[in-house]
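No value in this document is a laboratory result; all are computed from the given coordinates. If you're wondering where the values come from, they're calculated on a predicted model, not measured in any experiment. With ideal geometry, Cβ positions are generated from the backbone for all residues, glycine too; neighbour counts draw on all protein chains shown.
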Amino acid sequence: MGYGELIIRSYDAQNDRGRVEDFERRCEVGPAKRVFLFTDTLGDPMCRIRNSPIYKMLVAELDSQLVGVIQGSIKLVTVHKPPNDLAKVGYILGLRVAPLYRRRRIGLSLVIKLEEWFIANDVDYGYMATEKDNEASVKLFVDKLGYAKFQTPTILVNPVGHRRFRISPNVELAKLKIEEAESIYRKFMSSAQFFPIDIGNILRNKLSLGTWAAYPRGESWGEVPSSWAMLSVWNSGELFKLRLGNAPFSCLMYTKGSRFIQKLLPCFKLPGIPDFFHPFGFYFIYGVYGKGPLSGKLVRTLCRFVHNMASSKSKDCKVIVTEVGGSDTSRLHIPHWKLLSCPEDLWCIKALKNEERENLHELTKTPPSRALFVDPRDV
């Protein structure tokens, strides 16, 4: 059976919006044999990249049929390499190929075309994130496209319940002004891998709900407390919704049963799984940082505060998500469920300029000694 010419072009909102939305609804996120997530982009297929400084979406057509999509964004970040610590990076996300058209090099062609756009925009490195056990994705990017395994961050997911967490009376919480938060991030996290130079734009974005600091009660924030911690919150649910698919019947029954028991016997305070089978939103915690002997406990207190905020102020926020570097000790203090979390996400990177290829070995082989900043616009 013959096929026509594969056409890859820029996304046209006027003509492609409905087709891409329908295409996304038919494509799951995650391996088909496991539990996966459906994404509802709320009428904007480019919602996940629209807040980035520079972005682009490509679509692939074969015989006038939409068979694939891919998205990319560009920004300036901290990347530890000589002679300076800055690099222009292009992030690849949202690669989808229609099930009936897979294994025909369509995904490969989409990535190559997006890389050409990166190169035209003077990008130093392209990078992407995938599940460590996603064999198809790893084979495409590492084996066929020459990407190198770079980082294995930890994704921590905690369900939002109706029961509020108790906040220790020994901890003082303060919401920071945007200018103050930006100044602190630049002072303490500007050396973190992939720290975005336009951090101020992120903090000022309407999706950023704010930045909070925690420190021991009785001490003064203005005089640098003996221990302190901070984090910021991004409302991803305003961009798109998620829905669980391919879940086993036992999971569905446990969800419904636990919610029934909670209502019937609230005094027992049994943990229940939120309803993930209908579209839901989530908060993303970013910029987690702390100093001092009590910083871990203060991070945990801040995470509990965010949970309480989500529980009381959001109707559809079902989970709180955080992603930190694999060697970041703060992950030990962030509340999460192992069932929902991913201990090793996989970031892969590729040098797009000849002069950067010599630095790639140092980037990928040197054990990460500094924090990793996960940009909420990349979620």
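Applying 1/(1 + (r/R0)^6) with R0 = 35 Å to the Cβ-Cβ distance of ASP316 and GLU180 gives a FRET efficiency near 0.70.
Taking 0.36 nm per residue of separation and subtracting the current Cα-Cα distance, fully stretching the chain between ASN170 and ASP143 would add 4.5 nm. Between ASP85 and SER220, the contour length at 0.36 nm per residue exceeds the Cα-Cα span by 45.2 nm.
Under the simplified labelling scheme, the SER191-ILE7 pair shows an inter-label distance of 5.3 nm, with each label point 7 Å from Cα along Cα→Cβ. Close amide-amide hydrogen proximity is noted between GLU172 and TYR215, ARG217, each under 5 Å apart and 5 or more residues distant or on a separate chain (H modeled in the peptide plane; Pro and chain starts excluded).
In the stretch 118-242, the alpha-carbon atoms span a convex hull of 187 Å³ per residue. Helix-only arithmetic for the chain: the sum of -39500 (n - 2.57) across DSSP H runs with n ≥ 4, divided by the residue total, places the mean residue ellipticity at 222 nm at -8000 deg cm²/dmol. Note on ASN134 and GLU116: the extension gain reaches 4.0 nm, defined as 0.36 nm multiplied by sequence separation minus the Cα-Cα distance. Pairs exceeding 18 Å between alpha-carbon atoms, taken from LYS81/LYS353; LYS175/LYS241; LYS206/LYS291; LYS81/LYS350: LYS175/LYS241; LYS206/LYS291. Rg and Dmax over the alpha-carbon atoms of the stretch 36-186 stand at 19.7, 66 Å. Working from label points 7 Å from Cα in the Cα-to-Cβ sense, the GLU238 to ASP198 distance is 1.7 nm. The mean sequence distance of close C-alpha pairs (under 8 Å, at least 6 residues apart), as a share of the length of the chain, puts its relative contact order at 23 percent. Normalised by residue count, the chain yields a Cα convex hull volume of 147 Å³ per residue. For the listed residue pairs LYS56/LYS177; LYS187/LYS318; LYS88/LYS149, the alpha carbons are over 29 angstrom apart in LYS56/LYS177; LYS187/LYS318.
The alpha-carbon of LYS113 sits under 18 angstrom from the alpha-carbons of these aspartates and glutamates, leaving out residues fewer than 8 places away in its chain: GLU5, ASP12, GLU61, ASP122, ASP124, ASP143. Legend: ranking of residues CYS348, CYS303 from fewest to most surrounding C-beta atoms inside 10 Å; resulting order CYS348, CYS303. If R0 is taken as 41 Å, the Cβ-Cβ distance between ARG104 and HIS361 corresponds to a FRET efficiency of 0.80.
Here each label is just a point 7 Å from Cα along the line to Cβ, and for GLN65 and ARG25 those points are 1.9 nm apart.
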